[in-house]
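One structure is given below, encoded as structure tokens.
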Amino acid sequence: MSTSAAEKAEVDALIAQLSSSQDHERKTSANMSSSPDASTSSSERKRVYIRQNSGSNSSNHFSGSPTDAHKHLLQKNAKLSKKNDRKSRQGKGRGLAKKGGGGGNYTWGTMGSEFLDEYAEDFDEDDLDDLQYNEAKEKYLTQTAQSQLKPIENFDKDIKPIIDEYFVNGDANDVVQSLRKFDLREHGDGELLAYIITIALEKSNVHKELISRLLHDLNGVMFRANDYINCFNTLLTTLNDLSLDNPECSTDIGKFIARSIADKCIDNTNGKYFARYKGNVKCTKMQAALDKAETLVSMGDFYFLNNVWGARSSGFRPVRELADKMNLIIHEYYDSGDGGETIRCLKELNVPHFFHEFIYKLIDFCLEKNTERAQQLTIDLLETLTKTAIITYDQLKTGMFRLFDDMEDIQLDVPNVYEQLQTLIKQLEENKVLNQDIISNIPQKGRKRLTSGDDNSKQIK
């Protein structure tokens, strides 16, 4: 009885203690809800509790670093490792990340950094001073270069040698570099371009084609659209004087205008270039030039305008194209028999260093024809070409030696080619077209050797 009574007393004491603790908690929560200071003190107690139980023994967290309710480290006040710090350590700049955040090992860099020599970092005062110095230096060099430009005293003395050299090499960049040595501001109204075109009017169509290319290459580099307009306006107003030396200059000026429009040197949108001259032209030659240009442009065939001169700069044409052109000239000569027209076409090609190809094709065609007329036409043409020095003896010799080397291949198509060649060479020697250095190298027809098999076949027969 005494034992059960003691246990019952102990249970009653525990129940009373629990009820008193519950009453105390209710009062505390009521006081906290009524006063803000109490809520603040409770949050501080929670922070202390979290700090004490934040896993300070873990190597991932630093001691004293606060965590949130999920035990995550709060990085706002946490100490960061300097190893992973991407900011500049040199004390310069505004504290931004180095190289715009694109630096460090195994990184691609910022977008577009591959086009820069260096990354665009923050400039300090010394860098700004360098920039100001560089700008001042560049401005000084520009002014110095302009002051050192040579004035153009005479077009014939200063400009004509440059254009003559261009006719030889066809290098427009060389012309640009040469013109940049002169002060062109005094001649910016198209006077220089008009002089260049005037030089071409006295030349062949090949030179006119080269000048048309030069006008295109100079556009936007040395001259602007207004310069071309002023240039052709000057030429159109002086056509009466130009026609004294060049009777067909009106047609040529019209072709130059049409070619410049095709090359985008002159803007002719909706025909506005020709509209400025409508009703204002009183000179018949000027009107003829404008009509020629407008007719060519109205065709709309810019491929034709690119070949408006009918002869490209032959020295810069493909070899295959030159060979086909020579082959066409030879066929026309054998059809018409007009040696003067053939000579004119050869001069038009303007490739004296490639005339050995013409010699080779001319004699080869004669051997294939195998007629007395073809042989006589060949002899007459070669005699005329050598006496007038249109084809040099070296080109004649080179063409003949090339033919001698290919005799075995020619014999496959022309069996009696060796006999024909002997007859042709003999007549050329009589007309003093060929010398002994060529005649002594004439190939001889080889005799076929009989083999043992051929002997046995003859015996069987």
* For segment 350-443, what is the convex hull volume of its Cα atoms per residue in Å³? -> 89 Å³
* Which of Thr384, Cys283, Ser298 sits closest to the plus end of the dipole of segment 282-431, meaning its Cα is farthest towards the positive end, when Lys and Arg get +1 and Asp and Glu get -1 on the C-beta? -> Cys283
* Asked: Of Lys387/Lys432; Lys397/Lys426; Lys160/Lys325; Lys264/Lys325, which ones are farther than 20 Å apart at the Cα?
  -> Lys160/Lys325; Lys264/Lys325
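Throughout, read-outs are computed from the coordinates displayed, never taken from laboratory work. Everything numeric in this text was worked out from a predicted model, so none of it was measured. Every residue, glycine among them, receives a Cβ derived from its backbone with ideal geometry; neighbour counts consider all protein chains shown.
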